[in-house]
Amino acid sequence: MARKLAPSILSADFARLGDEVQAVTAEADLLHVDVMDGHFVPNLTIGPPVVKSLRGHTDLFLDCHLMVDNPGVLLDDFADAGADRCIVHVELGDPHPLFAALRDRRVGVGLALSPETPFAAAEPYLADVDLLLVMSVHPGFGGQAFIPDVLDKVRAARAEIDRRSLPVEIEIDGGVHHGTAPLAADAGVDILVAGSAIFGDPDPAAAARALRHAAWPTAA
Ligand code: DX5
Ligand code: ZN
């Protein structure tokens, strides 16, 4: 099982984005980029131009979480911008065409589940993805409270991925802080996403370090 930390730039100061990313680079395994269109979720954030700018400033793996109604029309732009992976929501329907488009462009494939969506919705696609993102808040905003019920879904995913020896990482996204990170780690997540717990802290690097230690105290 991997033990990775993905700071979410949603809670960063966008006017100082390059500096914010620089501040957490030594503590980050990848960077989580929340893309929202004002339709799939009632919030509007950033898109391919910002990913392109980030690509010019960092070598970190850029993981783009697409909370949009029509991701298919954006995938070429994200690929061209330098996204390393795009995560699409299973609630939109059959994701196979999106997966094919991403594989064609050699972009990694992730599948996301909103809190109410059961693991069964993602299970048929497990062999086709690199990442399963379990949302632990309702998609749309940073700074919400962690929904502990989703931990059962993480356990179910962990068991099935291990049973089938699939090369799929499990990521949890939303409400992750020093109190909830150990719960997610115990349930079997590989990757913790954290926005406000990192960028809401006056010292984001120290906050990221502390979060990693809270989740995996015995890791090097
Ligand atoms: C919410 C986003 C999350 C968000 C998490 O829709 O998908 O990635 O950045 O923020 P925190 O860690 O503040 O809950
Ligand atoms: Zn996200």
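The values are calculated or read from the model by the stated rules, or taken from the named source; none is laboratory data. Predicted model only: the values in this text are computed from it and were never measured. Note that each Cβ is placed from the backbone with ideal geometry, even for glycine, and that neighbours are counted across all protein chains shown.
Numerical summary
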read-out	value
Selection count, region 50-71, where residues are over 21 Å from LEU5 (Cβ atoms), of a type outside the set (A, V, I, L, M) and within 15 Å of ligand 2 (Cβ to nearest atom)	1
Given (1) under 29 Å from ASN70 (Cβ atoms); (2) touching an Asp or Glu at 6+ places or on another chain (Cβ under 9 Å); (3) part of a helix (DSSP H, G or I), number of the condition ASP19 does not satisfy	(1)
Residue count, region 129-161 (criterion: more than 20 Å from HIS177 (Cβ to Cβ), touching a strand residue (DSSP E or B) at 6+ places or on another chain (Cβ under 7 Å) and not β-branched (Val, Ile, Thr))	5
Residue match in region 155-164 (condition: within 16 Å of ligand 1 (Cβ to nearest atom), buried (at least 18 other Cβ atoms within 10 Å of the Cβ) and at pLDDT 95 or above)	no
Scan of region 1-27 for residues that are charged (D, E, K, R) and away from ligand 2 (no atom under 15 Å from the Cβ), ordered by number	ARG3, ASP13, ARG16, ASP19, GLU20, GLU27
Residue identified as in contact (Cβ under 8 Å) with a residue 24 or more places away in the chain, part of a loop (DSSP other than H, G, I, E, B) and either exposed (fewer than 15 other Cβ atoms within 10 Å of the Cβ) or more than 16 Å from ligand 1 (Cβ to nearest atom) (or both) among THR25, THR58	THR58
Selection count where residues are farther than 21 Å from GLN144 by Cβ, among the hydrophobic types (A, V, I, L, M, F, W, C) and buried (at least 17 other Cβ atoms within 10 Å of the Cβ), scope region 182-206	1
Residues within region 128-141 that are in contact with an Asp or Glu (Cβ under 8 Å, 6 or more places away or on another chain) and over 11 Å from GLU171 (Cα atoms), tallied	1
